Amino acid sequence: MSQGPRSGLAAVSSALLAMSRHLEVRDVLKTIVASARELLDAQYAALGVPDDHGGFAQFVVDGVSDAQWKAIGPLPRQHGILAAMLHEARPERLADVRTDPRFEGWPAAHPELADFLGLPIRDGDEVIGALFLANKNCPKQQGSCGFTQEDEDLLGILAQHAAIALTNARLYERSRELTIAEERSRLAHELHDAVSQKLFSLRLTAQAAAALVDRDPARAKGELHQVAVLAAEAVDELRAAVVELRPAALDEDGLIATLRTQTQVLDRAHTARVTFTGNGFRALPAAQEEALLRVAQEALHNALRHSGAGHVDVSVARRGGGAVLRVTDDGGGFDPHTVRRAGRHLGLVSMRDRASGVGGTLTVESAPGKGTTIELEVPGG
């Protein structure tokens, strides 16, 4: 056997082992793309997972800097060559993608792609993604494609195993979501039973105290003492439940990863574009992180359900020893004073309570027709 095939087989083996080490979907996608680019020695590689609305639920690139990716703008739609791979489900190997009649251009900041190799990723009869590479690092004559049939075969092997890895990662995430949901349901039932019993006892004791106030003040005093004890126990039950109900993803993944995942899910589920920007920073105390997450969730709910926004952006950034969360939408906006007078709070009371509970500051900027920005700043530990 020649050195070339052995090198190719070793590279494929390394790529498959790398994919098998990850369980999170995002990590699997990144590993597939990086492995494909290294395996075929290309300048660029990307993998798109389609949604049901003509766009991509996820789109991962390798060979493009963060600054370039930010300048490129929104994720691509399913058009041109990408659409052909998804809908016609066949490989595409082109000498110059720009001369193909299906080519529809790209944003100004997009790198120039020439020779091109793309394959669909299939799970049975379903196309669950499109994997493509561009600009192979090799000498090539004018008008010829650097990618060979051998490259296409290798990428085909990788795509088959990518489908398995991606499907397994999705099943793992779904299993974890179900486990979390079942655990939260169990805790909710326990909370209901425990606190309901305490409150029922408290109510009966308070009624007994009221009946004794006039004819036996001493016994009434004892009953009122018992009311205080039962109320304190109920508060302790509630606090313990709140600790247990702290979002599991927040504990496991941290604030930035949790918010990024949740905005990606909302982006897929709604017609509005939902984006997230956030830089990793030193972890905040649990109470601060949960307040940031809950306020973000409430603000996102308002923007997506009530504002008619076309774009909602969530960002988290470090500020001093703490952090600042901003949720901005381009929806219909509202007059915060009018909303308050009308008794409709849009969750603002809850958000302000969460902010004050951790020593934070909540700011709401909105006006009819001007969109809404909700900002929460929390101190560090």
**Message:** Looking at the range 48-59, I want the residues that are within 19 Å of LEU133 (Cα to Cα) and open to solvent by 30 Å² or more (accessible area, probe 1.4 Å) and have a partner that is in a strand (DSSP E or B) and not small (Gly, Ala, Ser) with Cβ atoms under 9 Å, at least 6 apart or on another chain. Which pairs are those?
**Reply:** PRO50/PHE56; PRO50/VAL127; PRO50/ILE128
**Fill in**
Residues in the range 110-166 that are of a type in the set (A, V, I, L, M) and free of Cβ contacts under 8 Å to residues at least 60 places away in the same chain total 5
**Message:** Kindly evaluate CYS138 against the criterion of being touching a strand residue (DSSP E or B) at 6+ places or on another chain (Cβ under 8 Å) and either open to solvent by 30 Å² or more (accessible area, probe 1.4 Å) or modelled with pLDDT under 75 (or both).
**Reply:** no
**Prompt:** What are the residues in the range 107-132 that are in contact with a Leu (Cβ under 8 Å, 6 or more places away or on another chain) and under 22 Å from ALA57 (Cα atoms), if any?
**Reply:** LEU117, GLY118, LEU119, PRO120, ILE121, ASP123, VAL127, ILE128, GLY129, ALA130, LEU131, PHE132
**Request:** Could you figure out which of (1) at pLDDT below 90; (2) in contact with a strand residue (DSSP E or B) (Cβ under 7 Å, 6 or more places away or on another chain); (3) open to solvent by 20 Å² or more (accessible area, probe 1.4 Å) isn't true of ALA355?
**Result:** (3)
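The values are calculated or read from the model by the stated rules, or taken from the named source; none is laboratory data. Note that this is a predicted model, so its numbers are computed, not measured. Every residue, glycine as well, gets a Cβ built from its backbone with ideal geometry; the counts of neighbours run over all protein chains shown. Areas reflect the complete protein model, heavy atoms only, side chains present, ligands, DNA and RNA absent. Shrake-Rupley method; radii C 1.70, N 1.55, O 1.52, S 1.80 Å.
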